[in-house]
Amino acid sequence: MLRLPGEDHMINDCLTRRQMLQRLGLMIGLAGGLRLPARSSARAQGLGAVGNALVSLTPAEAETLRAIIARIIPADENGPGALEARADRFIDRALAGALKNQRSTYVAGLAALDAYAQSAKGSTFAKLPASDQDFILTEIQFNRAAGFDGGSGQFFNLVRTHTIQGTFSDPFYGGNENFIGWDLIGYPGARVVVSPNLQRMDIKPESSRKSAYDYGMFNKGEV
């Protein structure tokens with residue numbers, strides 16, 4: 001998923017960022033789960049109690065995580081990326097809920113990543129230039145970085161998976177800010193009525209700007 005400096009492909013499958021977004025988004029857009037001035041009611045309900053306050057990560061951990069997700073799905077000429085979609089907030093919320101059993105893995109992994117960055121490049125990860133961050137993440141992805149329990153590649157894959165989920169899941173869970181993820185892949189959003197326009201192949205479907213949980217027929221999951 002990570003783009004290497006000077007290359008036009010992604011590690012693993014040589015997909016462009018746009019191709020990666022299309023393939024992954026179409027698979028998970030419905031499962032999770034451009035800029036909208038107002039929040040949807042469900043998103044406001046899901047985040048209203050805590051807003052943008054950290055609930056699991058420390059400020060230092062959050063800074064490192066934001067730097068990581070910004071390189072996994074970076075903003076570019078195609079649009080905003082995981083950081084703008086607030087995948088970090090999705091992860092922070094999930095570590096206090098559905099992913100709470102992985103909180104210790106994040107604590108250890110983020111600390112190990114910073115330690116490796118300090119050793120290899122002389123600075124904590126978040127303060128490195130993008131090219132050095134890409135180098136560090138590449139080493140970690142291919143299991144070449146020391147200091148990680150279970151191997152660095154395992155931690156990279158965990159964060160990459162959650163970054164994708166946070167970018168494309170339903171905004172009720174804290175990510176996909178202002179439907180950025182859904183806009184990137186052309187997913188029109190949740191709806192219960194299929195209009196004639198949505199059945200046409202010659203026009204782009206209009207976005208509903210709605211979370212699935214804006215509809216009473218869906219039960220709200222754990223935030």
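The values are calculated or read from the model by the stated rules, or taken from the named source; none is laboratory data. Nothing here was measured: the structure is a model prediction, and the numbers come from that model. So basically every Cβ, Gly included, is an ideal-geometry build from the backbone, and we count neighbours across all protein chains shown.
Worth a mention:
- Selection from region 154-187 of residues that are in a loop (DSSP other than H, G, I, E, B), over 20 Å from N52 (Cβ atoms) and touching a helix residue (DSSP H, G or I) at 6+ places or on another chain (Cβ under 7 Å): Y187
- Restricting region 54-78 to residues that are modelled with pLDDT under 95 and out of contact with any Asp or Glu (no Cβ under 7 Å at 6 or more places or on another chain), the residue that is farthest from K100 (Cα to Cα): E77
- Boolean, Q133 is out of contact with any Leu (no Cβ under 9 Å at 6 or more places or on another chain) and in a helix (DSSP H, G or I): yes
- Qualifying residue in region 201-211 (condition: closer than 22 Å to A98 by Cα, among the hydroxyl-bearing types (S, T, Y) and in a loop (DSSP other than H, G, I, E, B)): yes
- When F135, F179, F168 are checked against the criterion of being of a type outside the set (D, E), more than 17 Å from G81 (Cα to Cα) and either surrounded by 15 or more Cβ atoms within 10 Å (Cβ to Cβ) or modelled with pLDDT under 95 (or both), F135 stands alone in meeting it.
- Selection count where residues are in a helix (DSSP H, G or I), closer than 18 Å to I136 by Cβ, touching a Gly at 6+ places or on another chain (Cβ under 8 Å) and hydrophobic (A, V, I, L, M, F, W, C), scope region 73-124: 2
- The set of residues in region 148-180 that are hydrophobic (A, V, I, L, M, F, W, C) and under 19 Å from G79 (Cβ atoms) comprises I164, F168, F179, I180.
- Residue satisfying condition, being under 17 Å from G166 (Cα atoms), buried (at least 17 other Cβ atoms within 10 Å of the Cβ), at pLDDT below 95 and over 17 Å from the mean Cα position of the chain (by Cα), within set G46, G33, G29, G51: G46
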